[in-house]
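S.K.: I have a structure here, written as structure tokens, and I will follow up with some questions on it.
The values are calculated or read from the model by the stated rules, or taken from the named source; none is laboratory data. The structure presented is a predicted model; accordingly, all values stated were derived computationally and were not measured. When we count neighbours, we look across all protein chains shown, and the Cβ atoms used for this are built from the backbone with ideal geometry, even at glycine.
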Amino acid sequence: MSVRVEPNAFDPGAELNALHAAQLGIGAVVGFVGYVRDFNDGQDVRGMFLEHYPGMTEKALQKIVVEAEQRWPLLRVEIVHRVGQLPPGEPIVFVGTASAHRQAAFDACNFIMDYLKTRAPFWKKEDTPEGARWVEGRSSDQDAAGRWAKS
Amino acid sequence: MIRVQYFARYREVLGIDGEQLQLAALSSLDQLREHLLSRGGVWQVLAEQNLMCARNQELCSLDSELADGDEVAFFPTVTGG
């Protein structure tokens, strides 16, 4: 498991390729990349600032990965989340999951993103022509995370 | 003594990122929030229904207990990813 929270740019292709290195038992790697858009809620976005809670952020992400590893037979998991100032077009987040078979890798990647968006302490502040604004949480993100609840 | 931290929009509205509080009489996060709300004015932001909180860097509910030395945080709904 690898969890990184950093201001630096990363190369999604390199992260994806590194996931199966030296493990021939890996038959499936799934990667998700989130990017900064140049619009949101009908407004132009010139960039955004990612704030986080140092210390808690890493713990929250590790906890989410542990939960994914308990649900699916994963061989490797990697999360990279950037913080600080980011222009449109730049990647914000990478989640990569590796497993022997594709279904576990797909499901775990989806699960990790849903939980990250509702449980990891990151906040986006967008820079728009009308000034800076904090992005509000979406109920659709809560609904997406809720579908993983065990009955 | 407990350490209270505020993040994102709350930090901006309150004008501080955190404070140390001596709160021997308070036994839960909800009581701590009530204490902060009683300051009036900008502190009403902590009355938001979507408020999230953490105790010792773990998400928790408002009925969580408090203990001396705890690190507590209040913040709006998270929006990463």
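S.K.: Does A:E126 satisfy being modelled with pLDDT under 95, over 17 Å from B:N50 (Cα atoms) and not aromatic (F, W, Y)?
M.R.: Considered against the rule, which asks whether it is modelled with pLDDT under 95, over 17 Å from B:N50 (Cα atoms) and not aromatic (F, W, Y), A:E126 comes out as no.
S.K.: Also: Looking only at segment B:54-80, count how many residues are within 11 Å of chain A (Cβ to nearest Cβ) and over 19 Å from B:G15 (Cβ atoms).
M.R.: Here the count works out to 11.
S.K.: Among A:F49, A:F94, which is the only one that is of a type in the set (A, V, I, L, M, F, W, C), in contact (Cβ under 8 Å) with a residue 40 or more places away in the chain and surrounded by 18 or more Cβ atoms within 10 Å (Cβ to Cβ)?
M.R.: Just a single option satisfies the conditions, and that option is A:F94.
S.K.: Of the numbered conditions (1) surrounded by 14 or more Cβ atoms within 10 Å (Cβ to Cβ); (2) under 13 Å from B:T79 (Cα atoms); (3) among the polar types (S, T, N, Q), A:S99 fails exactly one; give the number of that condition.
M.R.: (2)
S.K.: Let me ask something additional. Being surrounded by 14 or more Cβ atoms within 10 Å (Cβ to Cβ) and in a helix (DSSP H, G or I) is the filter here, so list the residues in segment B:38-74 that pass it.
M.R.: Within segment B:38-74, B:W43, B:V45, B:L46 meet the criteria.
S.K.: Restricting attention to segment B:3-36, and to residues there that are within 17 Å of B:S61 (Cα to Cα) and aliphatic (A, V, I, L, M), which single residue is nearest to the other protein chains (Cβ to nearest Cβ)?
M.R.: Only one residue fits best here, namely B:V4.
S.K.: Across segment A:70-89, what is the number of residues that are within 16 Å of the chain's Cα centre (by Cα) and either within 14 Å of another protein chain (Cβ to nearest Cβ) or charged (D, E, K, R) (or both)?
M.R.: 9
S.K.: Just for segment A:38-60: of the residues that are in contact with a Ser or Thr (Cβ under 7 Å, 6 or more places away or on another chain) and assigned to a strand (DSSP E or B), which one is nearest to the other protein chains (Cβ to nearest Cβ)?
M.R.: Restricting to residues being in contact with a Ser or Thr (Cβ under 7 Å, 6 or more places away or on another chain) and assigned to a strand (DSSP E or B), the top hit is A:Q43.
S.K.: Suppose we filter A:I112, A:I92, A:I64 for residues that are facing another protein chain (nearest Cβ under 10 Å), in a helix (DSSP H, G or I) and under 13 Å from the mean Cα position of the chain (by Cα); which single one remains?
M.R.: Of A:I112, A:I92, A:I64, the one residue that is facing another protein chain (nearest Cβ under 10 Å), in a helix (DSSP H, G or I) and under 13 Å from the mean Cα position of the chain (by Cα) is A:I112.
S.K.: Any idea which of A:A144, A:A120 is surrounded by fewer than 20 Cβ atoms within 10 Å (Cβ to Cβ), within 21 Å of A:A68 (Cβ to Cβ) and within 15 Å of the chain's Cα centre (by Cα)?
M.R.: Checking each option against the conditions leaves just A:A144.
S.K.: Only residues that are of a type outside the set (D, E) and more than 7 Å from chain B (Cβ to nearest Cβ): list them for segment A:115-126, please.
M.R.: A:Y115, A:K125
S.K.: Within segment A:127-151, count every residue that is touching a residue at least 24 places away in the same chain (Cβ under 8 Å) and more than 10 Å from every other protein chain (Cβ to nearest Cβ).
M.R.: 8
S.K.: If only one of A:A14, A:A9 is aliphatic (A, V, I, L, M), surrounded by fewer than 12 Cβ atoms within 10 Å (Cβ to Cβ), over 19 Å from A:R102 (Cβ atoms) and free of Cβ contacts under 8 Å to residues at least 40 places away in the same chain, which one is it?
M.R.: Result of the check over A:A14, A:A9: A:A14.
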